[in-house]
Amino acid sequence: MYLSGAAHIGQAVAGLWPELAGGGGLSAVAGSGLLAALPDWRVLVQSPTTWGLVCGAVALVLMLPRGSAVARVLGGVVGLVALGLLAAGQPLLSDWLAQGLFWILAGVTVLSAAAAVAMRSAVYAAVWFAMSLLGTGSLFLLQGASFLGVATVVVYAGAIVVTFLFVIMLAQPEGHATYDRLTWGWYAKPVSVLAAALMVAVLTTALPGIRQIDALAALGESGAVERSAGVLHPSHMARFGAELFSRELVSVEVAGTLLLVALVGAIAIMIQGRRQAQAEESAR
Amino acid sequence: MTTAALIEILVKVILLLGGVMTAAAYFVLLERRMAAWVQDRVGPNRVGIPLTRIRIFGLGQPLADGVKFIMKEEYTPAHVDKRMYVLAPIVILVAALTVFAVIPFGSVLPVDLGIEGLSEPIRLVVAPGMDVAVFVIFGLSSIAVYGVILGGWASNNKYSFLGALRSSAQLIAYELPLGLGILGVVVAAGSLDLEAIISAQATSGWWFILAQPLGCVVFVVAAFAEAARLPFDLPECEQELIGGYHTEYSGIKLLLFLVAEFLHMITAAFLIVILFLGGWHFWGLTGAGEQVGLVQAVLRVMVLSGKVFLVILLFMLIRWSWPRFRFDQLMALAWKVMLPLGLVNLVSVAILDQLRTAWQLDAWWSNPLLIAANWGICLLAWIVVAYAQPLIADNRPQQELELYDVDPQV
Amino acid sequence: MKPDDPDILWVQEPELGLAGRMYMPMFVQGLSTTLKHLAGSLRGKQVTVSYPDEEPQLGNPLIYRGVHRLNRDEQGRVKCVACFLCATACPAHCIDIIGVESPWPDREKYPESFTIDELRCIYCGMCEEACPVDAIELTSLYNLTGRSREEMIFDKEKLLSVYDATKDKEPMQSTRLGGTL
């Protein structure tokens, strides 16, 4: 539970590229830090996940707004290839229902995220973002993490993106801002896409147990049940609340205080502005 | 998941959707008849069985309404954003329908069909044991705000957009009192699961309307506002302001918006019944435990539906009893009256609940005593808020009118 | 309008007591009014008239302004003297008269044709008031229907036939000319 980040990555690599973990064993990789945790290049080249990430990055570059129509179509095709490659890297689940639901939800999530980036209109981008969040929440629900799933929808889709939508609609009723048309130089697109692809790559490799079957097989049948028992317990919410308000009390309070300070600050700014306006009024 | 369990869920979904949609259609008829009766009119009573002269009190009216809406010209203005324009009613209807996945429409059905893999007894809720049911309802009602905003924005019309802003501001503002009203119940019941909340009321025999009167008032008012019913129907407000976010809609898309609004009302009625009126429980009639006979199980479904029907009748009576709030009054009610009252209720319920455990009150008089204490606190809070924040505003012009160029002829 | 205009009477809203501030009297008052009307309707005290299943009761048929008629005198001749006063008074310009020299000694002119466009008419009754000989009158016939616009342009014969149909139920209104009013 309290492993360092590098150890996490090592563990994940062991899950994703099992050839590597075969020789040295988990602990050896986990102990030797980030660089040592990087897999052999041959394994990397053979893995469809790597090529899926590369294709996805290329597709995103091609599909970014203000590109030519041909590039956008090409980007869509490459994106579909990327999806296929990423899917090929995933293990199959045992149950056809779970598998089908997972593919649908994952597809919706990833495609809406891509659409959020590729949309010309800011309103459309925000709506696609909300769609992607809904997909994420559903994936959480599929995993049995009902609170996390619903919280994602309530907090992100229900509150934050709605605020985005408000601001976008009030600021630019046509959905296009002038600053959207500014160019930031030729390097902006590739650099941002590269950063995004690298982040996705690191996150994918860092996620422990991405090869569910191998991970579960390593844990054994009883281990898997034990692992999900915490989430699927009938009074999971009560336990979660108790955890939140006992062990994580300080974090909760700090977050709450931060929000309170922000609230008071907003009110203070507003009152100051009004006073200023009054002073100007009386000066006139 | 076995095939039998899957089919069980599908059957429940079909039954629930069919039941709720039919109920919505007939509640529209009931609403129109009630409106007529309150205004000393007769109301729609002529549509019966098609092609015959049989009228049966106008029970064919919903069918005729539906056919009318479908056959009507579906006019899409040229200036709208087509995709969002189509998406908005779908979003709002889907959100309104999905809520029913976590709302129990009865207790359990103790029948053994002899099919392997079927849970026994059958729980009368589409997603049984949903630990975060209340939270799911919140999430979906916040998704419904998307339908409102997108509908107003996509119409590309100033009045639609203003209407969308108006109603989303209302929906967001009243989510707070709604949540505070629910929180009191959740604290007392110790669960976010609606089934658990009902059984908590059934086992103690004290419905939460008795235990937390102020929480009930706050929740009911907020539920009226969330369902956009009069006196809070600012989203629509067809007499004074323009129709709101669905001004530019017609035909089947308008029908989707209207059905979603009605579904919101039915959801609100279900929530009021489940959270505050004991759900399927009635003293000495339905029992309280998990083990029930078939008769009791059917009785529970009937009691729940009967209560929901009565609450919807109350919705309709209130519609014809109050004038609409002005927008500033609406916001003042949400932030200055309902929010403090909800907070008082929550804190009082939480403290009394702690006192019960701390002093180990489990004699026969402990429940009435604690409830009386809560009533006292709530009444006091209501009086204080009523004096501090009267809803009656002085509408006389406050500013110096000479400052403005007022035409003396007017 | 100035706020200090002495003609403006500022009405002070009544001070509310505790119950009023707690919104309770309004609650009870509003709901009881609603329930009163609801109960009345359910007992059958509705104001709706199910036309055409039942005929509406006109408050006073003699002053109701429905379809026009052209009155006849004692000898059965049209009473109109083609003075054009009704056509002049008509705000909707729906009366069209062609006056010719009268064949009878008691008047100079009579209408050769007298048409009223019932679709243009606004049923204000000014023609009735303008008529010096009480020839044109509005009857209490309210269910005026037709299948075409041409059918709704009433000529002299039609207007006289309206008189024939309604003279027993609604006698002429002027006492001077033998009416009952």
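The values are calculated or read from the model by the stated rules, or taken from the named source; none is laboratory data. What you see is a predicted model; the values in this text were computed from it and never measured. All Cβ positions, even for glycine, are placed from backbone atoms using ideal geometry, and neighbour counts span all protein chains on display. Just the protein is used for accessible areas: all its heavy atoms, side chains included, with ligands, DNA and RNA removed. Shrake-Rupley method; radii C 1.70, N 1.55, O 1.52, S 1.80 Å.
Distances between placed amide hydrogens fall under 5 Å for C:T48 paired with B:V42, all partners being 5 or more residues away or on another chain.
If you fit an axis through the alpha-carbon atoms of helix C:24-42 and take the longest principal axis of the Cα set of chain C, what angle between them do you get, 0 to 90°, nearest 10? Once rounded, the angle reads 40 degrees.
The C-alpha atoms of chain C define a longest principal axis, and helix C:156-166 lies at about 60 degrees to it.
Remark: chain B carries a charge dipole of roughly 960 debye about the Cα centre, counting +1 on each Lys and Arg Cβ and -1 on each Asp and Glu Cβ. Of the chymotrypsin sites (Phe, Trp or Tyr not before Pro) in the stretch B:222-326, the ones in a loop by DSSP (not H, G, I, E or B) with at most 14 other beta carbons within 10 Å are B:W283. With a/c under 1.5 counting as rounded, go ahead and sort the stretch B:1-136 into rounded, prolate or oblate using the C-alpha gyration tensor (a ≥ b ≥ c being the square roots of the eigenvalues; past the cut-off, prolate if a/b is larger than b/c, else oblate). Oblate.
Across chain C, where is the longest run that never hits GluC sites (Glu not before Pro) in a DSSP loop with at most 13 other C-beta atoms within 10 Å?
Working: sites that count: C:E15, C:E54, C:E74, C:E108.
Between exposed loop sites, the widest span is C:109-181.
Computed with a 1.4 Å probe over protein heavy atoms only, the accessible area of B:V186 comes to about 20 Å². Note on the stretch C:34-181: Rg/Rh from C-alpha atoms, Kirkwood Rh, equals 1.10. For the stretch C:61-176, averaging the sequence separation of C-alpha pairs within contact (under 8 Å, six or more residues apart) and dividing by the residue count gives a relative contact order of 36 percent.
Ligands, DNA and RNA excluded, the heavy atoms of B:E195 present near 30 Å² of accessible surface to a 1.4 Å solvent probe. Sorting C:Y64, B:Y146 on solvent-accessible area from highest to lowest, probe radius 1.4 Å, gives C:Y64, B:Y146.
Answer rounded, prolate or oblate for the stretch B:117-212, using the Cα gyration tensor with square roots of eigenvalues a ≥ b ≥ c: rounded when a/c is under 1.5, else prolate when a/b is larger than b/c, else oblate.
Numbers: a/c = 4.16, a/b = 1.87, b/c = 2.22.
In terms of gyration-tensor shape, oblate.
Accessible area ranking (1.4 Å probe, heavy atoms, ligands and nucleic acids excluded), largest first, for B:L379, B:L346: B:L379, B:L346. Remark: the stretch B:311-362 carries a charge dipole of roughly 340 debye about the Cα centre, counting +1 on each Lys and Arg Cβ and -1 on each Asp and Glu Cβ.
For the stretch B:345-384, chymotrypsin sites (Phe, Trp or Tyr not before Pro) are listed when DSSP marks them as loop and at most 12 other Cβ atoms sit within 10 Å of their Cβ; the list is B:W364, B:W365.
Accessible surface area normalised per residue over the stretch A:131-175 is 44 Å², counting heavy atoms of protein chains with a 1.4 Å rolling probe. The B-C contact accounts for approximately 2800 Å² of buried accessible area, totalled over both chains at a 1.4 Å probe radius.
Which order do C:S113, B:S168 take by accessible area at a 1.4 Å probe, largest first? Could the numbers behind the result be given before it?
Numbers: C:S113 40, B:S168 0 Å².
From most accessible down to least: C:S113, B:S168.
Counts of other chain beta carbons within 10 angstrom of each beta carbon in peptide B:31-43 average 4.
Hydrophobic, long helices, defined as DSSP H runs whose alpha-carbon span along the helix axis is 27 Å or greater and whose mean Kyte-Doolittle value is at least 0.0, occur in chain B at B:3-38, B:133-154, B:158-189, B:251-276, B:294-319, B:339-359, B:366-388.
The stretch A:106-178: D in µm²/s via Stokes-Einstein (Kirkwood Rh, Cα pairs, 10 °C, 1.306 mPa s)? It would help to have the intermediate numbers written out before the result.
Working: Rh = 12.5 Å.
Rounded to a whole number, D works out at 127 µm²/s.
Only Lys, Arg, Asp and Glu count, each charged at its Cβ (+1, +1, -1, -1), so figure out the dipole size of the stretch C:61-176 about its Cα centre, rounded to 20 debye. Mind showing how you got there, number by number?
Working: 15 positive and 20 negative charges, 42 e Å.
The calculated dipole for the stretch C:61-176 is roughly 200 debye.
Contact order normalised by length for chain B, with contacts defined as Cα pairs under 8 Å and 6 or more residues apart; what percent is it?
18
Summed over both chains, the accessible area lost when B and A associate is about 2200 Å², using a 1.4 Å probe.
Within 10 Å of the Cβ of each residue in B:131-143, the mean number of Cβ atoms contributed by other protein chains is 6. Accessible area per residue was computed with a 1.4 Å probe on protein heavy atoms; C:S140 scores about 10 Å². With kT/(6 pi eta Rh) evaluated at 4 °C and eta = 1.567 mPa s, and Rh the Kirkwood radius from Cα pairs, the stretch B:222-344 diffuses with a coefficient of 77 µm²/s according to Stokes-Einstein.
Counting, for every residue in A:163-169, the Cβ atoms of other protein chains within 10 Å of its Cβ and taking the mean gives 3. The GluC sites (Glu not before Pro) of the stretch B:216-280 that meet both conditions, a loop assignment by DSSP and at most 11 other Cβ atoms within 10 Å of the site Cβ, are B:E238, B:E240.
Report in % the part of the accessible area of the stretch C:61-176 that belongs to carbon and sulfur, leaving out ligands and nucleic acids; probe 1.4 Å.
Working: 3340 of 6550 Å².
The C+S portion of the solvent-accessible surface of the stretch C:61-176 is 51 percent.
Solvent-accessible surface, computed for protein heavy atoms with a probe of 1.4 Å, shrinks by 50 Å² or more for the following residues of the stretch C:18-35 when the other protein chains are added to the isolated chain: C:L18, C:R21, C:M22, C:Y23, C:L31, C:T34.
Which entries of B:K12/B:K253; C:K79/C:K156; C:K79/C:K167; B:K68/B:K253; C:K45/C:K169 show an alpha-carbon separation above 19 angstrom in the structure shown? Distance filter (> 19 Å) returns B:K12/B:K253; C:K45/C:K169. Scaling the Cα radius of gyration of the stretch B:3-396 by the globular reference 2.2 N^0.38 Å produces a ratio of 1.05.
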